[in-house]
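Each value in this text was obtained by applying a stated rule to the coordinates, not by laboratory testing. Everything numeric here is computed off the predicted structure, so don't read it as measured data. Here the Cβ is made from the backbone with ideal geometry for all residues, glycine too, and neighbour counts use every protein chain on show.
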Amino acid sequence: MTAAEISEKVVQIPEGVQVKIAAGKVSVKGSRGTIDEDLSHMSVRLESKDGKVVVSMAGTKKQDKAIVGTAAAHVTNMIEGVSKGFAYKLKVVYAHFPVTIKVLEKERKVSIENFSGEKIPRFASIVGDVSVKVSGDEIVVEGSRVEDVSQTAGNIQEATTIKEKDQRVFLDGIYVYEKGLAIKK
């Protein structure tokens, strides 16, 4: 194969971050911890050299470029996660019944009490090594793995879904309103 028949993406490694690659397994270590991910199921070639991670694959078809881009995005998210972290902000919205949010650290759950006047609390599970902070009617979900942060925020939002009623009228719930890095540039 010639160089023109290879799809390639390059991801820069910032200072303070170490990347180790062995047999398709990527380990990224930074100030916020370590993230390990197995990308061996993707048919890409990963190598770390000169402060960069090179993700490449033989072929230049649209599908080949998409696979290379996906693998590079995973590595980029891992690097951003260990250096800056990810944060999702959620807003508690209610019309009549005030909602109480409690974080149950031992059970790794979020308790949503008095939602729409219900006597039984609703629960949402906390995924992975994620911290959930509640202040007033705002919830902040923070962590190093974007998959865990987004799944936890999704679990909280899904726990307050109102079924069998017109959602244009019954707007009560907890909604994600901001996604981004925990440490802004």
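Where in the stretch 66-179 are there strands (runs of 3 or more DSSP E), lying fully within it, with 2 or more residues that are polar (S, T, N, Q)? If you could, list the steps in order and put the result at the bottom.
Numbers: elements: 86-93, 100-104, 109-113, 122-125, 130-135, 138-143.
Filter on the stretch 66-179 gives 130-135.
Yes/no per residue for (1) touching a helix residue (DSSP H, G or I) at 6+ places or on another chain (Cβ under 8 Å); (2) more than 22 Å from VAL149 (Cβ to Cβ):
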residue	(1), (2)
GLY16	yes, no
SER27	no, no
MET42	yes, yes
LEU46	yes, yes
GLY51	no, yes
MET78	no, no
LYS84	no, no
ALA95	no, yes
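Check THR34 against each of (1) assigned to a strand (DSSP E or B); (2) free of Cβ contacts under 8 Å to residues at least 40 places away in the same chain; (3) more than 19 Å from SER150 (Cβ to Cβ) and name the one condition it does not meet.
(2)
State the number of residues belonging to the stretch 99-124 that are of a type in the set (Ser, Thr, Tyr), more than 14 Å from ILE162 (Cα to Cα) and surrounded by 14 or more Cβ atoms within 10 Å (Cβ to Cβ).
Within the stretch 99-124, the subset of a type in the set (Ser, Thr, Tyr) is 100, 111, 116.
In the following step, the residues that additionally are more than 14 Å from ILE162 (Cα to Cα) were identified as 100, 111.
This time we only want the ones that are surrounded by 14 or more Cβ atoms within 10 Å (Cβ to Cβ), so: 111.
So the answer is 1.
Quick one: in the stretch 138-156, which of the residues that are touching a Phe, Trp or Tyr at 6+ places or on another chain (Cβ under 8 Å) and either without any contact (Cβ under 8 Å) to a residue 12 or more places away in the chain or charged (D, E, K, R) (or both) is nearest to GLU37 (Cα to Cα)?
If we take residues in the stretch 138-156 being touching a Phe, Trp or Tyr at 6+ places or on another chain (Cβ under 8 Å) and either without any contact (Cβ under 8 Å) to a residue 12 or more places away in the chain or charged (D, E, K, R) (or both), then ARG145 is nearest to GLU37 (Cα to Cα).
List pairs: first residue in the stretch 68-89 and at positive phi and in contact (Cβ under 8 Å) with a residue 40 or more places away in the chain, second residue hydroxyl-bearing (Ser, Thr, Tyr) and not in a helix (DSSP H, G or I) anywhere in the structure, Cβ distance under 7 angstrom, at least six positions apart or on different chains.
Cβ pairs passing all conditions: GLY85/SER144.
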